[in-house]
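J.: Okay, here's the structure, questions in a sec.
Read-outs throughout are calculated quantities, based only on the coordinates presented, and are distinct from any laboratory measurement. Note that this is a predicted model, so its numbers are computed, not measured. Positions of Cβ are backbone-derived with ideal geometry, glycine not excepted, and every protein chain shown enters the neighbour counts.
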2 protein chains.
Amino acid sequence: MGKKEEFVKEITNIEDDFAKWYTDVVIKADLADYTETKGCIAIKPYGYAIWENIKDYADKKFKEVGITNFYMPLLIPESMLEKEKEHVEGFAPEVAWVTIGGGEELEERLCIRPTSETIISTMYAKWVKSWRDLPILGNQWCSVLRWEKETRPFLRSREFLWQEGHTIHETAKEAEDRTLLMLDVYADVIENLLAIPVLKGKKTKKEQFAGADSTYTVETLMKDGRALQAGTSHYFGQNFSKPFNIKFQNREGKEEYVYQTSWGITTRLIGAVIMAHGDNRGLKLPPKVAPIQAVIVPIAQHKEGVLEKSNEIFEELKSNYRVKLDDRDNYSTGFKFNDWEMRGVPVRIEIGPKDIEKGVAILARRDNGEKETVELKNLNIRLGELLNEIQENMFKACEKVRDERTTVAYTLDEIAENLEKNQGYVKTMWCGDQACEDKVKEVTGAPSRCMPFKQEHLADVCPVCGKKATKMIVWGRQY
Amino acid sequence: MGKKEEFVKEITNIEDDFAKWYTDVVIKADLADYTETKGCIAIKPYGYAIWENIKDYADKKFKEVGITNFYMPLLIPESMLEKEKEHVEGFAPEVAWVTIGGGEELEERLCIRPTSETIISTMYAKWVKSWRDLPILGNQWCSVLRWEKETRPFLRSREFLWQEGHTIHETAKEAEDRTLLMLDVYADVIENLLAIPVLKGKKTKKEQFAGADSTYTVETLMKDGRALQAGTSHYFGQNFSKPFNIKFQNREGKEEYVYQTSWGITTRLIGAVIMAHGDNRGLKLPPKVAPIQAVIVPIAQHKEGVLEKSNEIFEELKSNYRVKLDDRDNYSTGFKFNDWEMRGVPVRIEIGPKDIEKGVAILARRDNGEKETVELKNLNIRLGELLNEIQENMFKACEKVRDERTTVAYTLDEIAENLEKNQGYVKTMWCGDQACEDKVKEVTGAPSRCMPFKQEHLADVCPVCGKKATKMIVWGRQY
């Protein structure tokens, strides 16, 4: 086992330095790499395959609720970006400007989209005439650019991949319903595909999207107790439709401005998967999103019949599962075990000469290290069951972390203490005053996460100002 | 029929002005729209759904031949772009430069990728150490930007969507084989999905990609007889691996530079579909790539039972086909017929009170206008057969156009005459001298398309210089 332990040492201990452990996993598991374009990463095939699985799952769910995809230009003229006041204030400081094209200085500079509300609103204004043209339920999968000062792979990168959905509606009610429906789709993706429980709620005014009427969020908790905002869905009311002139003739024949939403999830979800599930051996992937669900590692593969039987098993399993046969002859079995554990493959299938004699294989679980012996004739079915068990078990493990790290506080000091001791979600009441919200952040370093949909009455007063409070809010330091 | 003819008039007659017909179809069929970002289009949901079908088909084929996807940064530092001399000369004049980011002038300007050989070569150089790391078979689906002066939707746009595959190999032979293998995949996509026959061949030095050793192409012919380069696959030899230092230790333990390829198809394939198949009624989509394969149009839908039966049919067909029910109550049946014909839907299913009484429906083909009556109990199976027949028939129709427009010429005058009369492909011999190639283009306006893999010996001499010629070449004016 000496070799094994040595190998694992290459990854920083998770308890010693979580941040360093994280980047070690990103690099060693071949998820991404740094590039010569400052602040931008290259997403390597193994990391991109995770994104493809997220994309395929989410896109299917989007289409089930009527969303269609389109593609809008990458470049936005400066005058267009400036039409909605709060929006431009929020984004202008962190955009990249194209000033030269085809060898000539441009008359009007163009920004690389930091998000596409402005250009999409401009197009929607052209496309809508009557209520019969509504709703428009559009989405695009693309990259966006925000000139971040400090970056970390997947979590905060100057360029990142995402989807941005943009819908317009006849009524405020319909648009608000859509905002919440898309939040439910995100919760589905994050809980059922990524096996991470979410906290659903509404953002405070301070934390909402630049230009939104209200922002809803699905929050997640990482292994170190820090929160990560995993997806947001915004209701704009008529904030964009008025400056962008998206008007329609309503059912009464009168001109009216549309009601609008937007919503997005990004490649930071890959970061969430790493930090919600990983351990000292490296990455730990939920079976549903894993690019490789099971890896077959032949034992003593030089012996007669071992590679043949391994190949046979591979051929049998590959139509039902994403499976790989590791028949590399230049690595030891121990190295292979470590390598695939580090890459987070949910199940390892071991098959050696003795197993073949007995007509069995060994299944080793990545999530809890347990092993079981399975008759080869049952392997196909048992693997499916096991992958489901692992998926469920990983979700439960995250729920446990969340429960253990969720606390209640009644004073500002308690919020700070709880965060210092435990990080996590701290639930308190809140008067609704931004001054109190600012104070909590200033003292504890934790912004508000959201006002959860599932409200509880913890106390009668705000822990900061002592005034009457009827809302429960959750605080937490964040990625 | 008055209403119908009036409707079709909105599209310019294809014989009167092919170019105007083309943009009419793009706009009226809701494939794309102009934007306020000069030279860039918005791809609308109906157009994007065509691209999604192309992407899904091609991506599956890529994966079958071992390709994996990744994602590389959008922005390339100027010094990186300049490393390969021919490449930078080819692309630098048409790039867009980011000079300001996060409110500050950048120390080094960054170009928006016009293609990614440079940044991908830089990463490959980091990733490869030994022959055991080879081949790397990477690809990305993304957008690129080239500052074109004259633009046309899908055909030539400043920003367009594409995939760019980049592979590196141990040997020249393996890389050359991969170049040709990917060309075969493109031929598969274009012939089997898009129902357009291709002419496969090698580009001349003059027409090849900036920095390539050799460029292979799949050429297609549009209805007006102009050629369209539908996909290209490039063999680089060590042209990039030397300046970018992509070295590996070979099987003999010696350091060597890798052998490299790249290959791409773009959203201009949507333009090819429009121009290869369309007619005076508008778009005509091959069933395999059509976002809607069959549209159900109820006749007299206000009558009892018609909408119920239409819905029943829709429910039955939708698990096997991409089908739509048009139950809009504010349009006449005639308008709906025209509308879906204009959008190129391959089959219309008509169902009215009399049909229901007889237990039948009418199937109307978009490709040739033929109608047939089908018993409802056979509808599911018959629709599948019919879609296959249409796919095949559309391919044959394109073959016929290609055959009729392919001519042979023995003198420079004949090349010019043939093109003037017939456009199309003009086959001649060629001595291999670029001066003769330049002359043909100067006199006829037609660049060389390729030296086809299927060679014929048409004559002994070059039609331009009269010197000995052993190669057959094809000329054609292009999009």
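J.: Report the local net charge at residue A:150: Lys and Arg +1, Asp and Glu -1, summed over other residues whose C-beta lies under 13 Å from its C-beta.
T.: Computed value for this residue: +4.
J.: List the lysines whose alpha-carbon lies under 18 Å from that of residue A:85, not counting same-chain residues fewer than 8 positions away?
T.: Here the lysines satisfying the reach criterion relative to residue A:85 are A:205, A:206, A:242.
J.: Could you list the square roots of 5 times each eigenvalue of the Cα gyration tensor of the protein assembly as shown, that is, the equivalent ellipsoid semi-axes, sorted largest first and rounded to whole Å? If you can, show how the numbers build up before the last one.
T.: On the way: eigenvalues 438, 289, 187 Å².
Square roots of five times the eigenvalues give 47, 38, 31 Å.
J.: Next question, about the same structure. Restricting to Cα pairs below 8 Å that are 6+ residues apart, what does the relative contact order work out to for chain B? Please round to a whole percent. Let's see the in-between values first.
T.: Working: 963 pairs, mean separation 66.0, N = 479.
Across chain B, relative contact order equals 14 percent.
J.: What does the charge add up to near residue B:385, with Lys and Arg as +1, Asp and Glu as -1, over the other residues with Cβ less than 13 Å from its Cβ?
T.: My count for the surroundings of residue B:385 gives -1.
J.: Can you tell me the dipole magnitude for chain B around its Cα centre, using point charges on the Cβ only (Lys, Arg +1; Asp, Glu -1), in Debye to the nearest 20?
T.: 520 debye
J.: For a footprinting-style exposure proxy, rank A:161, A:363, A:221, B:75 by other Cβ within 10 Å, fewest first.
T.: The most exposed by this proxy come first: A:363, A:161, B:75, A:221.
J.: Another question about this same structure. Roughly speaking, what is the stretch gain from residue B:467 to residue B:17, that is 0.36 nm per residue apart minus the C-alpha to C-alpha distance, in nm to one decimal? Don't skip to the end; give the middle numbers.
T.: Numbers: separation 450, 0.36 × 450 = 162.00 nm, distance 4.00 nm.
Additional length available on full extension: 158.0 nm.
J.: Local charge sum around residue A:91 (other residues, Cβ-Cβ under 14 Å, Lys/Arg +1, Asp/Glu -1)? Provide the component values of the computation, followed by the final result.
T.: On the way: positive: A:83, A:85, A:113, A:146, A:158; negative: A:78, A:82, A:84, A:86, A:89, A:94, A:117, A:148, A:164.
Result for the neighbourhood of residue A:91: -4.
J.: Another one. Report, in deg cm²/dmol and to the nearest 500, the calculated mean residue ellipticity at 222 nm for chain B, where each DSSP H run with n ≥ 4 adds -39500 (n - 2.57) and the sum is divided by the residue count.
T.: Working: 14 runs with 163 residues, N = 479.
Taking each H run of at least 4 residues, the total per residue is -10500 deg cm²/dmol.
J.: Subtracting the Cα-Cα distance from 0.36 nm times the residue separation, let me have the gained length for residue B:375 to residue B:403 in nm, one decimal.
T.: On the way: separation 28, 0.36 × 28 = 10.08 nm, distance 3.83 nm.
Net length gain for the segment: 6.2 nm.
J.: With the radius of gyration and the Kirkwood radius both derived from the Cα set of the range B:15-164, what is their ratio Rg to Rh?
T.: 1.03
J.: With N residues in the range B:294-401, what two-decimal value do you get for its Cα radius of gyration over 2.2 N^0.38 Å?
T.: The reported ratio for this selection is 1.06.
J.: Going down the table (B:55/B:377; A:28/B:63; A:288/A:400; A:20/B:63; A:318/B:55; A:55/A:318), which pairs top 27 Å between alpha carbons?
T.: As for pairs spanning more than 27 Å Cα to Cα, those are B:55/B:377; A:20/B:63.
J.: Let me ask something else about it. Can you compute log10 of I(q)/I(0) for chain A with the Debye formula, treating each Cα as one identical point scatterer, at q = 0.07, 0.08 Å⁻¹?
T.: Taking Cα atoms of chain A as identical point scatterers yields -0.44, -0.57.
J.: Assuming R0 = 30 Å, what is the FRET efficiency of residue A:280 and residue A:192, from their Cβ-Cβ distance, to the nearest 0.05?
T.: Result of the calculation: an efficiency of 0.65.
J.: For residue A:309, go through the aspartates and glutamates and keep the ones whose alpha-carbon is under 18 Å away, minus same-chain ones fewer than eight residues off.
T.: Qualifying aspartates and glutamates at Cα under 18 Å: A:326, A:327, A:329, A:350, A:355, A:357, A:375.
J.: Distances from residue B:150 to the same residue in each other copy, label points 7 Å out along Cα→Cβ, in nm, shortest first?
T.: 5.3
J.: Report Rg/Rh for the range B:44-277, rounded to two decimals, where Rg is the Cα radius of gyration and Rh the Kirkwood radius.
T.: Here Rg/Rh amounts to 0.97.
J.: Okay, next question. Rounding to the nearest 20 debye, state how big the charge dipole of the protein assembly as shown is about its Cα centre with +1 on each Lys and Arg Cβ and -1 on each Asp and Glu Cβ.
T.: On the way: 140 positive and 156 negative charges, 106 e Å.
So the dipole magnitude of the protein assembly as shown works out to roughly 500 debye.
J.: Given R₀ = 56 Å, FRET efficiency for residue A:38-residue A:307 by Cβ-Cβ distance, to 0.05?
T.: On the way: r = 46 Å, r/R0 = 0.83.
Efficiency, rounded to the nearest 0.05: 0.75.
J.: Next question. For Cα pairs less than 8 Å apart in space and 6+ apart in sequence, what is the mean separation divided by the residue count of the range B:44-277, i.e. the relative contact order in percent?
T.: Across the range B:44-277, relative contact order equals 22 percent.
J.: Suppose R0 equals 25 Å. What FRET efficiency, 1/(1 + (r/R0)^6) with r the Cβ-Cβ distance, do residue B:392 and residue B:454 give to the nearest 0.05?
T.: Values: r = 22 Å, r/R0 = 0.89.
Approximately 0.65, to the nearest 0.05.
J.: If you count, for every residue in B:44-52, the Cβ atoms of partner chains within 10 Å of its Cβ, what is the mean?
T.: Numbers: counts 7, 9, 2, 2, 7, 3, 0, 3, 4.
Neighbouring Cβ atoms belonging to other protein chains average 4 per residue here.
J.: What spacing in nm lies between the two simple spin-label points modelled at residue A:82 and residue A:242, each 7 Å away from Cα in the Cβ direction?
T.: Going by the 7 Å Cα→Cβ label model, 2.0 nm.
J.: At residue B:370, with labels set 7 Å past Cα in the Cβ direction, how many nm apart are the copies from this one, shortest first?
T.: List, nearest first: 6.2 nm.
J.: Take the alpha-carbon centre of the range B:284-333, take the same for the range A:31-59, and report the distance between them in whole Å.
T.: When both Cα centres are located, 40 Å separates them.
J.: To one decimal in nm, how far is residue B:63 from the same spot in the other copies, if labels go 7 Å from Cα toward Cβ? Please give the shortest first.
T.: 1.4
J.: Can you pull the one-decimal nm distance between simple spin-label points at residue B:414 and residue B:433, each 7 Å off the Cα toward Cβ?
T.: Going by the 7 Å Cα→Cβ label model, 1.9 nm.
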